[in-house]
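The values are calculated or read from the model by the stated rules, or taken from the named source; none is laboratory data. All values derive from a computational prediction rather than experimental measurement. Cβ placement follows ideal geometry from the backbone for every residue including glycine, while neighbour counts extend to all protein chains displayed.
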Amino acid sequence: MNLKYILAIESSCDDCAVAILDTRGKILSDQIYSQIELYSQFGGIVPEIASRLHLEKIAFLIKKTINDSNIKLSEINLVAVTDQPGLIGSLLIGVQFAKGFSQGLQIPLIKINHIEGHLFAGYGELDFPTTAFIGLIASGGHSSIYYCNSNDEIELLGQTRDDAAGEALDKIGRLLGFNYPAGIEIDRCAQFGNPYRFHFPIAFKSEDSLEFSFSGLKTAAKDMIEQNRTRFNNQDIADFCASLQFIISKTLLTKAKLACEKYNTKTLVIGGGVAANSRLRLDVKQLTEMGFSVYIPPKLQCTDNASMIGRAAIRRLDKSKI
Ligand SMILES: Nc1ncnc2c1ncn2[C@@H]1O[C@H](COP(=O)(O)OP(=O)(O)OP(=O)(O)O)[C@@H](O)[C@H]1O
Ligand SMILES: [Mg+2]
């Protein structure tokens, strides 16, 4: 295929995102209409509202993204869209729009799994692995470890038995009075805190398992907050946040390292919203010092966005050429 530009659409959850990329994954324009503010009052996403807002915004957003990229509509010759997993009503809006676009312009459509998007969010940027790797996805809905072989066949090795890491941060953050999603606010607050002050449990700590569980951590955090609610001052909250993200980062990276050892690779790709966390990004250095090659996309490409969907599509095309 003589590819020029790609239109990528991501509408699996609460963000309506559209991007235009060139064939090497360079982002020409990347727009997100976030519904987050609206959901602060509910403490989480309301699926029915999410799908209606996608429908309301998507046409305008696509028009704006194409205008901002300074390319002509006729130069787009591929559409990539998230088709799973996610909220069914929200996915439907992106997929139907992409299908219409593809049929109207007589150009191909590639459907991308949202997790594949997170894994390849950094494809086309410096240092992205070309060989088999272990993938760690930590987001609002997932805490999972994958093996991606050199043909890009992705196998799930382990996942959380209950809450995802981001979900746990959001729920604990809510108890602390932070807005949804709380991960980024916990990160901000943790900058001034002592990560060694509060002690949280780690599930499957000494086991050979590649599974996670964050519900014990959530309960422990809830108990600590309830016991200290009236006594917690700003420094206490900062210490609490720092300790919390310290343990989450440690848990995620310990299991990712174990997966690398089991699958005999020292290459690790990390993605999903929690990969934007400062503590995790700092702790990754310990792995690189041990000889691991660790790839984490820039912070903006960790949370949901459309360019990751475009990049996963480019990766598929590049692989099919080999
Ligand atoms: N700097 C940060 N530190 C920690 N967590 C963060 C940070 N930034 C975002 N998050 C968390 O990332 C999550 C959102 O990530 P993302 O957009 O990838 O998830 P999602 O789309 O909701 O879930 P999924 O990708 O599993 O469907 C939220 O739980 C949010 O709190
Ligand atoms: Mg996501």
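Restricting attention to the stretch 147-180 and to residues that are under 17 Å from the mean Cα position of the chain (by Cα) and surrounded by fewer than 17 Cβ atoms within 10 Å (Cβ to Cβ), the residue that is nearest to A238 (Cα to Cα) turns out to be Q159.
Residues that are outside any helix (DSSP H, G or I), crowded, with 22+ Cβ neighbours inside 10 Å and away from ligand 2 (no atom under 16 Å from the Cβ) do occur in the stretch 128-144.
I'd like to know if the stretch 110-122 contains one or more residues that are closer than 30 Å to A182 by Cβ, within 16 Å of ligand 2 (Cβ to nearest atom) and charged (D, E, K, R).
yes
Pairs meeting the criteria (first residue in the stretch 96-120 and outside the structural domain of I27 (by TED's automatic domain parsing), second residue hydroxyl-bearing (S, T, Y) and more than 16 Å from ligand 2 (Cβ to nearest atom), beta carbons under 7 Å, at least 6 apart or on different chains) are lacking.
Restricting to the stretch 145-165, name every residue that is within 16 Å of ligand 1 (Cβ to nearest atom) and either touching a Ser or Thr at 6+ places or on another chain (Cβ under 7 Å) or farther than 16 Å from L268 by Cβ (or both). The answer is L156, G158, Q159, T160, R161, D162, D163, A164, A165. Taking the stretch 181-240 only, how many residues are farther than 29 Å from L300 by Cβ and within 21 Å of the chain's Cα centre (by Cα)? Within the stretch 181-240, residues that are farther than 29 Å from L300 by Cβ and within 21 Å of the chain's Cα centre (by Cα) number 3. Restricting I145, I154, I202, I184 to residues that are among the β-branched types (V, I, T) and over 29 Å from Y123 (Cα atoms) narrows the list to I202. Checked against the criterion of being buried (at least 20 other Cβ atoms within 10 Å of the Cβ), of a type in the set (A, V, I, L, M, F, W, C), at pLDDT 95 or above and under 18 Å from L300 (Cα atoms), the candidates I66, I9, I58 yield just one match: I9. For the stretch 292-316, the set of residues classified as touching a residue at least 40 places away in the same chain (Cβ under 8 Å) and touching a Cys at 6+ places or on another chain (Cβ under 7 Å) consists of D304 only.
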